[in-house]
Each structure stands twice: as structure tokens, then as C-alpha cells.
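Let me begin by presenting the structure, written as C-alpha cells, before commenting on it.
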Amino acid sequence: MEMLAFLIPVALLLGLAGLAAFIWAVRSGQFDDPQGDAARILVDDEDKPL
């Protein structure tokens, strides 16, 4: 029972840290163009030499 007094706050802090990281990523523009990278891999760049 004493272990729950330790584990519950740790779990809540880890959850809040994950939520804060997600909010930071959204605000910094990490998810602005999710389809662009998927389409960009299909484009054939013929003007670039090997």
C-alpha cells in the first residue's frame, strides 16, 4: 500500500510531462505538414545528379 503512495504521483507526473511535450510539439509546428513528407518521397528529382 505504501508503494501506491509513490507510484500514483510518479505516474501522474509522467503523464503530465508527456502531455506538456505534446502541447509543445503542436505549438512549435511539428505537425504542420503531415501529408507533405509522405508525398515528397514519391516525387522523382531528376535534376539532381547522383
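Of the listed requirements (1) among the β-branched types (Val, Ile, Thr); (2) assigned to a helix (DSSP H, G or I); (3) loosely packed, with under 10 Cβ neighbours inside 10 Å, Val26 misses just one: (3). Every condition in (1) within 21 Å of the chain's Cα centre (by Cα); (2) in a helix (DSSP H, G or I) holds for Asp32 except the one numbered (2).
When Leu19, Leu42, Leu7 are screened for being assigned to a loop (DSSP other than H, G, I, E, B) and not hydroxyl-bearing (Ser, Thr, Tyr), only Leu42 passes.
Bear in mind these aren't lab numbers, they're just calculated from the coordinates by the rules spelled out. Not measured: the values here are computed from a predicted model. Methodologically, a virtual Cβ is constructed for each residue, glycine included, from the backbone with ideal geometry; neighbour enumeration extends over all protein chains shown.
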